[in-house]
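Just below is one structure, and these are the notes that go with it.
The values are calculated or read from the model by the stated rules, or taken from the named source; none is laboratory data. Treat the numbers as computed from the prediction; the structure is a model and nothing was measured. Heads up, the Cβs are rebuilt from the backbone with ideal geometry, glycines too, and the neighbour counts pull from every protein chain shown. Please note that ligands, DNA and RNA were not included when accessible areas were found on the heavy atoms of the full protein model with its side chains. Shrake-Rupley method; radii C 1.70, N 1.55, O 1.52, S 1.80 Å.
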Amino acid sequence: MCILPVPVLVTGLPRSLLARTELMTSLQARNAARRAELAGPSGLRGVMKNPRLLRLAAITTLGALCYGYEQGSYSQVLVMPSFTNDPKFARIAHDSSYKGWSVSTLGAGGWAGALSNGYLCDIISRRWTLLLGALICCLGTGLTAGAQNAAMMFVGRFFIGWAVGSLSAAVPLYNSEISSPELRGTIVSIQQLAIVTGIMISFWVGYGTNFISETNSVSWRLCLALQGVPALLLAALTFTLPYTPRWLIRQGRKEEALETLSWLRKESKDSEIVQLEFIEIQAEAMLEAETTAEKFPHLVGGSAWTSFKLQVARFGELFTTLHMFRRTAVACLMQFFQQMSGIDCIVYYAPFIFESLQLPGKTVSLLASGVVGVVFVISTFPAIATIDHIGRRPLLIAGGVGMAVMLILVAALTATYQPDWNNPAAAWSAAVFIWLYTGFFGASWGPVSWTVISEVFPLSTRAHGVAIGASTNWITNFAVSIIVPIMLEHITYGTYLFFLMFMLMGIGYAIWILPETYGKSLEEMDLVFGSGEAQAEAARMERILRGLHGEYNRPASVYSEKGAVEAKV
């Protein structure tokens, strides 16, 4: 074994990273290096060696499937004759402004649900928040599928929005906390696969139920009702999920946390890699507990109301220091640019866009929308396979450039041939470019955005930070849903140029603002972002780690030079 001081191990790294590395305690560096040395393969190969994580992710992402299905199904319903010809819903179908409000109600509910998630995930656990979201989704599904007027449709969509908004924050939070660092990107990005799978299923279900009848409402009601299936499955299977080790530690349930971590890693409780990760988790929890007691002594312990006020104060912490503000900005900008890329313009209004191209055939717009769903699913697999190998930023930059090029081409064709589209080849070319656009999104901004917001916050504010990030997604979704039908009607090709501008800004964000986070444990994010209180926290962390190493009889200096270099401390 070669024991070297941390600065020796990290020579050759960028100067900015070296400066931040000096703020890490020696024990933090040694733990991270040794854990990296012991870790198994990353990416899909590593997930295949631990099917437990894959099974848990498959269960939790049923919540994401609900999200995707609702996005796609309503866009199909809006062009079904059985819905558009029903006088009770005529205004939704034919008034572009009212249609936008009906679509955006989902985003309004999602914003509220995502924000509530920051409180619920800490108080009732990540696990039971998933159950609550599934049950609310079932309520909203019943209201929309059984709607007798526009008001019921609005209320039902708000409840569904609340549910999927909460789930959109709870799912990546849960999955990130059960994953090991080398598998976290792969596991969390499965959420995007579930979202696009839901979109694909809804598009094809809508295409199929459209043929049931042009006058009987069962066509669109069945399309909406089927969303309840994954919600019911999630509600039932939630009882098979374990609590996350990090949440258990915060509740003082150390033995249960260790057993859960051991089970998740398929290792014995006494194995070195489990012990090292367990020590890291405990150290961060103890650090956060001590700093919380110092910052909010009047809010520690006490009544449920005091606990609620502490949760509100946690939201405030996201903005009170430079390093926390930077994390919050990274998460919020990530979700903002994801939505302002224009993807929801395609997801929510694909049938209208393909109708405007005047492609031949009565149901061709629904069929072309179905292809969007297929492309979404296929394109997400490369991201899942590479996100833990090449990192987050390269995927965002490459995908953003591809999306920008496709937006330019669609805008150019629309400007040239609208409104008559008397050139079928041009119309089909525009359709292909839209499909390619969704493919670039599915391989980049879709999965990466949810991964990033789940990993950049410290334990004490992780639920709140993810909630803020997800709520940014939903409030932007709300705005986009309202303006897109009006833009498509009045500025036509300018709609694509509008989103192009934001896509280029998103590429700039990925290049100059977003730090690379892959390969780092959740506890190492302090190193990635730096901290104004780093020197004081380093001394405190050193003391905590020494105590924990002594408690578990784990030598503090056992690590190899090879492991330290591979960890890229």
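Residues are listed down the side, and each one gets a yes or a no for (1) without any contact (Cβ under 8 Å) to a residue 12 or more places away in the chain; (2) open to solvent by 20 Å² or more (accessible area, probe 1.4 Å):
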residue: E294; (1), (2): yes, yes
residue: H298; (1), (2): yes, yes
residue: G316; (1), (2): yes, yes
residue: L322; (1), (2): no, yes
residue: C332; (1), (2): no, yes
residue: I343; (1), (2): no, no
residue: E355; (1), (2): no, yes
I273 passes all but one of the listed conditions (1) open to solvent by less than 70 Å² (accessible area, probe 1.4 Å); (2) modelled with pLDDT of 95 or more; the exception is number (2)
Pairing a residue in region 477-491 that is assigned to a helix (DSSP H, G or I) with any residue that is β-branched (V, I, T) and open to solvent by less than 50 Å² (accessible area, probe 1.4 Å), where Cβ atoms lie under 6 Å and the two sit 6 or more apart in sequence or on different chains, gives S481/V103; M487/T495; L488/T495
Restricting attention to region 80-113, the residues that are among the small types (G, A, S) and modelled with pLDDT of 90 or more number exactly 9
In region 364-388, anything open to solvent by less than 30 Å² (accessible area, probe 1.4 Å), touching a residue at least 60 places away in the same chain (Cβ under 8 Å) and farther than 17 Å from L436 by Cα is listed as L366, I384, I387, D388
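Scan the helices (runs of 4 or more DSSP H) fully inside region 208-297 and keep the ones with 2 or more residues being closer than 26 Å to L132 by Cα and under 27 Å from the mean Cα position of the chain (by Cα).
On the way: elements: 218-225, 228-237, 245-250, 254-265, 272-295.
In region 208-297, 218-225, 228-237, 245-250, 254-265 are the helices (runs of 4 or more DSSP H) which contain 2 or more residues that are closer than 26 Å to L132 by Cα and under 27 Å from the mean Cα position of the chain (by Cα).
Do you know which residues across region 308-350 are of a type in the set (S, T, N, Q), over 15 Å from Y437 (Cα atoms) and in contact with a helix residue (DSSP H, G or I) (Cβ under 7 Å, 6 or more places away or on another chain)? Full working, then the answer.
Residues of region 308-350 that are of a type in the set (S, T, N, Q), as a first pass: 311, 320-321, 328, 335, 338-339, 341.
Imposing the further condition that a residue be over 15 Å from Y437 (Cα atoms) reduces the set to 311, 320-321, 328, 335.
Q311, T328, Q335, listed by residue number.
Among A64, A58, which is the only one that is open to solvent by 10 Å² or more (accessible area, probe 1.4 Å), in contact (Cβ under 8 Å) with a residue 40 or more places away in the chain and closer than 25 Å to Y518 by Cβ? Break it down into steps so the answer makes sense when it comes.
Details: A64 fails: open to solvent by 10 Å² or more (accessible area, probe 1.4 Å).
Testing whether each residue is open to solvent by 10 Å² or more (accessible area, probe 1.4 Å), in contact (Cβ under 8 Å) with a residue 40 or more places away in the chain and closer than 25 Å to Y518 by Cβ leaves just A58.
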So the helices (runs of 4 or more DSSP H) completely within region 493-569 holding 2 or more residues that are touching a Gly at 6+ places or on another chain (Cβ under 7 Å), at pLDDT 85 or above and within 30 Å of I483 (Cα to Cα) are 494-512
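Just the residues that are over 10 Å from H464 (Cα atoms) and assigned to a helix (DSSP H, G or I), please, taken from region 302-312.
The answer is A304, W305, T306, S307, F308, K309, L310.
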Subset of region 225-241, residues of a type in the set (A, V, I, L, M, F, W, C) and open to solvent by less than 40 Å² (accessible area, probe 1.4 Å), comes to A231, L234, A235, L241
Among residues of region 302-314 being open to solvent by less than 50 Å² (accessible area, probe 1.4 Å) and among the small types (G, A, S), the residue farthest from the chain's Cα centre (by Cα) is S307
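Go through region 460-487 and count every residue that is of a type outside the set (F, W, Y), out of contact with any Lys or Arg (no Cβ under 6 Å at 6 or more places or on another chain) and over 21 Å from G373 (Cα atoms). Talk me through it step by step, then tell me what you get.
First pass over region 460-487, keeping only residues of a type outside the set (F, W, Y): 460-473, 475-477, 479-487.
Narrowing the set further to residues that are out of contact with any Lys or Arg (no Cβ under 6 Å at 6 or more places or on another chain) leaves 460, 462-463, 465-473, 475-477, 479-484, 486-487.
Those left that are additionally over 21 Å from G373 (Cα atoms): 460, 462-463, 465-472, 475-476, 479, 482-483, 486-487.
Number satisfying all stated conditions: 18.
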Among the residues of region 166-195, the number that are touching a Gly at 6+ places or on another chain (Cβ under 6 Å), in contact (Cβ under 8 Å) with a residue 60 or more places away in the chain and assigned to a helix (DSSP H, G or I) is 5
Pairing a residue in region 148-159 that is in a helix (DSSP H, G or I) with any residue that is modelled with pLDDT of 95 or more and open to solvent by 70 Å² or more (accessible area, probe 1.4 Å), where Cβ atoms lie under 6 Å and the two sit 6 or more apart in sequence or on different chains, gives F159/L139
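Filter region 43-55 down to residues that are open to solvent by less than 30 Å² (accessible area, probe 1.4 Å) and out of contact with any His (no Cβ under 6 Å at 6 or more places or on another chain) and give me whichever is farthest from I136 (Cα to Cα). Working first, answer last.
Quick first cut of region 43-55, residues open to solvent by less than 30 Å² (accessible area, probe 1.4 Å) only: 43, 46-47, 50, 53.
Now narrow it down to the ones that are out of contact with any His (no Cβ under 6 Å at 6 or more places or on another chain): 46-47, 50, 53.
Numbers: G46: 35, V47: 31, N50: 32, L53: 26 Å.
Applying the filter and picking the extreme gives G46.
Restricting attention to region 113-143, and to residues there that are assigned to a helix (DSSP H, G or I) and free of Cβ contacts under 8 Å to residues at least 40 places away in the same chain, which single residue is least open to solvent (accessible area, probe 1.4 Å)? Full working, then the answer.
Start the filter on region 113-143 by keeping residues that are assigned to a helix (DSSP H, G or I), which leaves 113-123, 125-143.
In the following step, the residues that additionally are free of Cβ contacts under 8 Å to residues at least 40 places away in the same chain were identified as 132, 136, 139-140, 143.
Numbers: L132: 68, I136: 35, L139: 87, G140: 0, L143: 45 Å².
This residue is G140.
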Checked S449, S460, S454, S471 against criteria (touching a residue at least 12 places away in the same chain (Cβ under 8 Å), surrounded by fewer than 24 Cβ atoms within 10 Å (Cβ to Cβ) and either not aliphatic (A, V, I, L, M) or not in a helix (DSSP H, G or I) (or both)); the one match is S460
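Residues checked against (1) surrounded by 24 or more Cβ atoms within 10 Å (Cβ to Cβ); (2) under 22 Å from the mean Cα position of the chain (by Cα); (3) at pLDDT below 95:
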residue	(1), (2), (3)
A151	no, no, yes
G156	no, no, no
L167	yes, yes, yes
I178	yes, yes, yes
E182	no, yes, yes
Looking across region 481-508 at residues that are touching a Phe, Trp or Tyr at 6+ places or on another chain (Cβ under 8 Å) and of a type in the set (V, I, T), the single one that is most open to solvent (accessible area, probe 1.4 Å) is I491
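Of the residues A398, A443, only one is hydrophobic (A, V, I, L, M, F, W, C) and surrounded by fewer than 24 Cβ atoms within 10 Å (Cβ to Cβ); which? Before the answer, list the steps.
On the way: A443 fails: surrounded by fewer than 24 Cβ atoms within 10 Å (Cβ to Cβ).
Among A398, A443, only A398 is hydrophobic (A, V, I, L, M, F, W, C) and surrounded by fewer than 24 Cβ atoms within 10 Å (Cβ to Cβ).
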